[in-house]
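The values are calculated or read from the model by the stated rules, or taken from the named source; none is laboratory data. None of these values were measured; they are calculated from a predicted model. Neighbour counts run over all protein chains shown; Cβ positions are idealised from the backbone, glycine included.
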């Protein structure tokens, strides 16, 4: 019985809690990002700035553009990190068919580096209409443990 309780505690800590924390951040983004975007963003930085405004309004504790994570011969820096949630958040901006295809490579490059430092990773993709099949785009990527994709349409 004690080992069952220990297993339950472990599963809660490793699976349920990280997912709940990511869902809470996703809900905030889903409810506010598009509504707070008054004109068409020109790039990723515009989306990051809007998200930062949302996070500040919610009084969330986060770090922007940090920490730097050394992985092999390269440094990776998440757009936002939430230490309290053990979460890295990376913003991607999709403004062409070519960019949509390169996003997959970018995301797959970020995952192993961020996993050395964070329990969970959330990729927020601001899409200007080039990702037609969201399910197909996200399914393979989300097979990575505690990796989540959120696509925000303009």
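Is it fair to say residue 154 is within 21 Å of residue 27 (Cα to Cα) and touching a residue at least 60 places away in the same chain (Cβ under 8 Å)? Break it down into steps so the answer makes sense when it comes.
Details: within 21 Å of residue 27 (Cα to Cα): yes; touching a residue at least 60 places away in the same chain (Cβ under 8 Å): yes.
Yes.
Can you confirm whether residue 118 is buried (at least 21 other Cβ atoms within 10 Å of the Cβ) and more than 21 Å from residue 47 (Cα to Cα)?
Answer is yes for this residue.
Quickly run through segment 83-107 and pick out the residues that are without any contact (Cβ under 8 Å) to a residue 60 or more places away in the chain and touching a helix residue (DSSP H, G or I) at 6+ places or on another chain (Cβ under 7 Å).
Passing the criteria: 88, 90, 91, 92, 93, 94, 107.
Taking the criterion of being assigned to a helix (DSSP H, G or I), at pLDDT below 90 and crowded, with 18+ Cβ neighbours inside 10 Å, would at least one residue in segment 32-47 satisfy it?
Among the residues of segment 32-47, not one is assigned to a helix (DSSP H, G or I), at pLDDT below 90 and crowded, with 18+ Cβ neighbours inside 10 Å, which makes the answer no.
Could you list all residues from segment 55-70 that are more than 15 Å from the chain's Cα centre (by Cα) and part of a helix (DSSP H, G or I)?
Hits for segment 55-70 are 56, 57.
Do you know which residues across segment 71-92 are under 13 Å from residue 24 (Cβ atoms) and assigned to a helix (DSSP H, G or I)?
Hits for segment 71-92 are 84, 85.
Give the residue that is nearest to residue 93 (Cα to Cα), with candidates limited to residues of segment 61-74 that are surrounded by 11 or more Cβ atoms within 10 Å (Cβ to Cβ), out of contact with any helix residue (DSSP H, G or I) (no Cβ under 8 Å at 6 or more places or on another chain) and free of Cβ contacts under 8 Å to residues at least 40 places away in the same chain.
65
If you check 145, 52, 106, which single one turns out to be assigned to a loop (DSSP other than H, G, I, E, B) and either surrounded by fewer than 16 Cβ atoms within 10 Å (Cβ to Cβ) or under 14 Å from the mean Cα position of the chain (by Cα) (or both)? If you could, list the steps in order and put the result at the bottom.
Numbers: 52 fails: assigned to a loop (DSSP other than H, G, I, E, B); 106 fails: assigned to a loop (DSSP other than H, G, I, E, B).
Criteria check complete, one pass: 145.
Exactly one condition in (1) assigned to a strand (DSSP E or B); (2) out of contact with any helix residue (DSSP H, G or I) (no Cβ under 7 Å at 6 or more places or on another chain) is not met by residue 118; state its number.
(1)
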